[in-house]
Amino acid sequence: MKISAVETHLAAPKWDSDPGWTLGDRNSAAFVRIRTDEGPTGIGETILGHFAPLVVPPIVDYFRRKLIGEDPFRIDYLWHKLYQDGIWWGRKGAGLSVLSGIDMALWDLKGNALGVPVYELLGGRAHDRVPVYASAGEALWPPEKTVEKVKRYAAAGYRAAKVGTMAASQPYYTYDAKTSQARFKTPPVSRYAEMDAEKFAALRTALGTEFDLAVDGHQGAHPRPTTAHEAIRIANAIEPYGILFYEEPLSYEDLPGWVELRRRTEVPIAGGESLSGVAEFEQFISAGALDIVQPDVSHVGGITAAKRVLELADANRLRSAIHTGGTPGPGFAASLHLAIAQHGTLILERVHATAGTQARLIKDHLDLVDGAIAAPTCPGLGLDVTDEYLAANPFEPGMGVRS
């Protein structure tokens, strides 16, 4: 069996399953399809399609020339072939993000060809079910609006949710009583910790102690990220409310700040969604900056690289909560298979706004039972990204968070 084609498909999946979602009902995506001369195919996804979709096709085309005629089962060999070929440009960021989609497609293809779920190729099930949390995006204000939002997740079967912090002049959504429309407002610096404490106190009162709450600092891409001092104040303020983890509290360029924050709070510190490759995770783990690692399979280097990151976390007695924020289809499926196969899995992210699209693109049932999703049973990643779906959800110029 030889690789005969490598294709890019840009699309605009719906993000319309969450009435409280404030970041748009369609987002761009980039899928990578690999075909073979004997029939089996595979699908992958790169997070770059969510941010800069028009960058993806030329990078895929460059890699395509290195893949045609190769044996698709030699996944580790092909990963290193492409990684080494990108010495001047492809070992971080966009190049590695696109390699993630190609790698994902190869694992899907192999599982399809052998008739087994991908997690069986990764060592088999470490878990029969994986807990998931509803990723809520930005916080709403006043706190009652965030409570309403999280109550909807609880009613949908989730037993955990993550909401944003007010940190670092992060604009938050507040509701206009006359129009019922959300609008941005920026809190004063002196109020960050106080507002977060008020919000989580309201959530804990409304949801009780049997529901997990996590907080997202959103600092990985923030233009003016918080300082360690500010993050410590926030962590101390929310500590009484039993927080599952505090995600991306600081810029990834402030490694000493992460270490100091983790030392100064009992709230578990989580991060890694935009770290690129295994080496960047090694730096954070060896420095003692993380309690919970969060690789994004569609960015870190695909299933191959994410598996190495998760094994590194296991070796250092850390837990994992794979990031899936911008990947409603193949990326989520790949993350679920990895979470099933990995001993250190704590919980898996799911943006509930994409639940309808996931049900369309993933053949396995993603029903929540006690807040968890069962191990998939379909071969490969269990994907159903058809030409009809792509035609019905076309990409339009100008889409993409960073286009």
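Rule-based calculations on the coordinates, nothing more; no lab input. The structure presented is a predicted model; accordingly, all values stated were derived computationally and were not measured.
Structure data summary
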item	result
For segment 303-403, fraction of C-alpha pairs farther apart than 16 Å, in %	62 percent
Under 5 Å, built H, 5+ apart or other chain: amide partners of Ala134	Ala160, Ala161, Lys162
Cα gyration tensor shape for segment 83-158, rounded if a/c is under 1.5, else prolate or oblate	oblate
Residue-by-residue Karplus 3J(HN,Hα) for segment 281-295, coefficients 6.51, -1.76, 1.60, Hz, glycine and proline x	5, 4, 4, 5, 5, 5, 7, x, 8, 10, 9, 9, 9, 9, x
Reachable aspartates and glutamates, given that their alpha-carbon falls under 16 Å from the alpha-carbon of Lys92 and they are not under 8 places away in the same chain	Asp103, Glu253, Glu273, Glu280, Glu282, Asp296
For Trp141, distant residues with modelled amide H under 5 Å away	Tyr173, Thr174, Tyr175
Whole-Å semi-axes of segment 269-314's equivalent ellipsoid (Cα gyration tensor)	15, 10, 9
Overall form of segment 206-289 per C-alpha gyration tensor (a/c, 1.5; a/b vs b/c)	prolate
Rg/Rh (Cα only; Kirkwood hydrodynamic radius) as it applies to the chain	0.96
Anisotropy class of segment 1-67 from Cα gyration tensor, a/c 1.5 cut	oblate
In sequence order, calculated HN-Hα J values of segment 310-321 (Karplus, 6.51, -1.76, 1.60; Hz; x Gly/Pro)	5, 5, 5, 4, 4, 5, 9, 6, 10, 9, 10, 9
Interchain or long-range residues, amide H under 5 Å from Ile269's placed H	Tyr246, Asp291, Ile292
In Hz, Karplus ³J(HN,Hα) per residue of segment 264-269 (6.51, -1.76, 1.60; θ = phi - 60°; x = Gly, Pro)	9, 9, 8, 6, x, 9
Hits among lysines - C-alpha to C-alpha of Lys151 under 23 Å, sequence gap 8 or more where chains match	Lys14, Lys162, Lys199
